[in-house]
Each structure stands twice: as structure tokens, then as C-alpha cells.
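Reading through the C-alpha cells given below for one structure.
Read the figures in this text as sums done on the coordinates, not as results from a lab. These figures come from a predicted structure and were not determined experimentally. For neighbour counting, all protein chains shown are included, and Cβ atoms are generated from backbone atoms with ideal geometry for every residue, glycine included.
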Amino acid sequence: MIVVTTPTGKIGSQVIPHLLAANEAVRVIARDPTKLPGEIRNQVEVVTGSLDDDQVMEQALKGAESVFLVVPPSFTDNNVEAYYLRFTRPALKAMKNEGVKRMVGVSVLGRGLELSRKAGPITASLTKDEEVEKSGVDYCALWCPALMDNMLSNVQSIQHQGMFFSLSDPKIKRPQVATKDVGAMGAKFLLDKTWTGQIGSAVLGPEDLSFNEMAAVMSDVLGKTVRYQQIPADAYKAQLIQYGANEVFAQEIIDMLIAKDKGLDNEEPRTAENTTPTSFHQWCEEVLKPAVLS
């Protein structure tokens, strides 16, 4: 039995089909099971509730051999590190009580770098990793850069203005990965029963791209000119707050993007094992274009 958290999220939803295709028994934890696609809901066991609930986690991990952990996003928490630990500690407690030995979790690049010490959600995610490792469970962290799917937050500005915005340098090349590739990598480690200890694997996508290069790819796929516009930090922060982030979280995002511009995502060597197949062009064809056209 493999337990998958955030099964309706961008990554958790991509893990489940691989596990079912391998004939694994799957149990999911969902706040709202009605959001699960019908074909998935009929093939998995569902525990209703939240990951930060001790009783829910105890119920979900009974008889399980491994768990896939994704901390759900929050735009309004005032302490990001405490938030990440709030969703990690109940899982670790339940793993200990139920004898579950193995966890695969979504993490970030930057482990061991000075840049990661003041990088908002990156710092929080690495703190979560440290907490898991202290528990002694077998743990595989998936070290991810920016997700291509985050570009979906710019669909309206791409539709109406032919532009997308951030404070990041337009010329710095950095890795980007599709969530479906993160899901496939997570499933690979969940299905592999041979690894032990505390390990990690970067998930880097097939190439490093700058925002200017990404704009050129989007222009090609969409058949219209798309440009990237760098904006000052204070303007970007105000934009985040307008979209629902609170003051604290908006600043955490600013800190993260500044760290990425300084090279935080570029320190992990690219190898055949951590280079995943979905190009940004392919992702735009499969995901962005349908979203923009709708």
C-alpha cells in the first residue's frame, strides 16, 4: 500500500496513474474527494481530511509501506517554516506509530548552499527535509527547480496583453521542470523497493532557459507575440498581494526569486539521471496552449 498526499494537486495527481499502472494498491488523502477524477476515485482508497491532522494521518498510514508527501501551498501563512513543519510532523508521527519506513517527498534545489538560508519557501522546504531526516525514516527528496506549470498563473496576462511578469532577470538561464516529470520520478522511487537511507534526486527538465527564451517558445506555440517584462520587487510584491498573498508570504517569494537569480537553481550538475524528458515547447503545446485558448 502506497499513500499519496495532495492527490488533486499538480504533482500528486501525476504520481497516481504510474502506481496504478504498476498494479500497486494506492490510498490517497483528500480534503475534498469529489475533486478526484472518477476513474481515479474508483481505483484508490480514499481517506478524507487534511495532512496536518494527526488522526487523519494515523488512519491513512495503517498498513502502508510508503508515503508520497507534498506540502500543500499557502499564500497567507505568516511563518512559512512553521507551516511546512505543521504538514510534516503528523506524517512522521504516524509513520513511527504504524511502522511505515519509507517516504518520497517533493523538495527544492539549494541544499547546503548559503543562498538557501534566506530564500522563503526554499528555506522552509529544506527545513522540512531536515526534520524528516532526523526521524530516521528512509527518505528520498526530489530536488525541483521552478515548475513549468507555475506559468499557468500568467494565462490572463498572456491572453490579454501578450506578456508575463516577474522580478527575475530576463537573461539568466535556469532549469524548469514539468509537473508530470516530477510525478513520474516520484513514482519511480516509490516503486523501487531497493533503495534505503536518506537520498535525493534532482529533477531538472531537459534544458536551462531564460525568461526571454521561454517567451520566444510561447510565441512560437501560441502563434502570437509573447514578451517577458521584468518589474521592480516592490511592484511584483504588490501584484502578489493583489492576487491573494499576504505581506509576509509575498516577501518570502521575493526572497526566493532573488536567491534564484543569484544562482540557487544552477548549482546542481545536470546528469542523464536527473534530466527529464518534457521540454518547455512540449509543455506549452500540451498545457499552456489549451489554457490560453480556453
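The table for this structure:
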{"item": "Other-chain or far-sequence residues with amide H under 5 Å of Arg31's (modelled H)", "result": "Gly49"}
{"item": "Rel. contact order, % - alpha carbon contacts under 8 angstrom, at least six apart, the chain", "result": "20 percent"}
{"item": "For region 1-149, the fraction of alpha-carbon pairs in successive 10 Å shells from zero, as %", "result": "11, 43, 36, 10, 1"}
{"item": "Compactness of region 107-231, expressed as Rg and Dmax over alpha-carbon positions, Å", "result": "17.2, 52"}
{"item": "In sequence order, calculated HN-Hα J values of region 10-16 (Karplus, 6.51, -1.76, 1.60; Hz; x Gly/Pro)", "result": "5, 9, x, 5, 8, 7, 4"}
{"item": "Charge dipole of the chain about the Cα centre (unit charges at C-beta), most positive-ward option of Ala21, Ile40, Met148", "result": "Ile40"}
{"item": "Table column - 3J(HN,Hα) (Hz), region 254-267, Karplus curve with 6.51, -1.76, 1.60, x for Gly and Pro", "result": "4, 4, 5, 5, 5, 5, 5, 5, 7, x, 4, 7, 10, 8"}
{"item": "Sorted largest first, extent of the chain alpha carbons per principal axis (Å)", "result": "53, 40, 38"}
{"item": "Separation between Cα centres of region 224-249 and region 40-62, rounded to whole Å", "result": "36 Å"}
{"item": "Cα-centred dipole magnitude for the chain, charges only on beta-carbon of K, R (+1) and D, E (-1), debye, nearest 20", "result": "180 debye"}
{"item": "Residues Tyr84, Tyr243, Tyr228, sorted so that the one with the fewest Cβ neighbours within 10 Å comes first", "result": "Tyr243, Tyr228, Tyr84"}
{"item": "Positive minus negative residues near Arg174 (Lys, Arg vs Asp, Glu; Cβ under 12 Å)", "result": "-3"}
{"item": "Local net charge near Asn78, Cβ-Cβ under 13 Å (Lys/Arg +1, Asp/Glu -1)", "result": "-3"}
{"item": "Partner aspartates and glutamates for Lys180 [C-alpha distance under 20 Å; skip if fewer than 8 residues away on the same chain]", "result": "Glu24, Glu39, Asp149, Asp192, Glu207, Asp208, Asp265, Glu273, Glu285, Glu286"}
{"item": "Over 26 Å between alpha carbons, listed pairs Lys96/Lys193; Lys35/Lys193; Lys10/Lys237", "result": "Lys35/Lys193"}
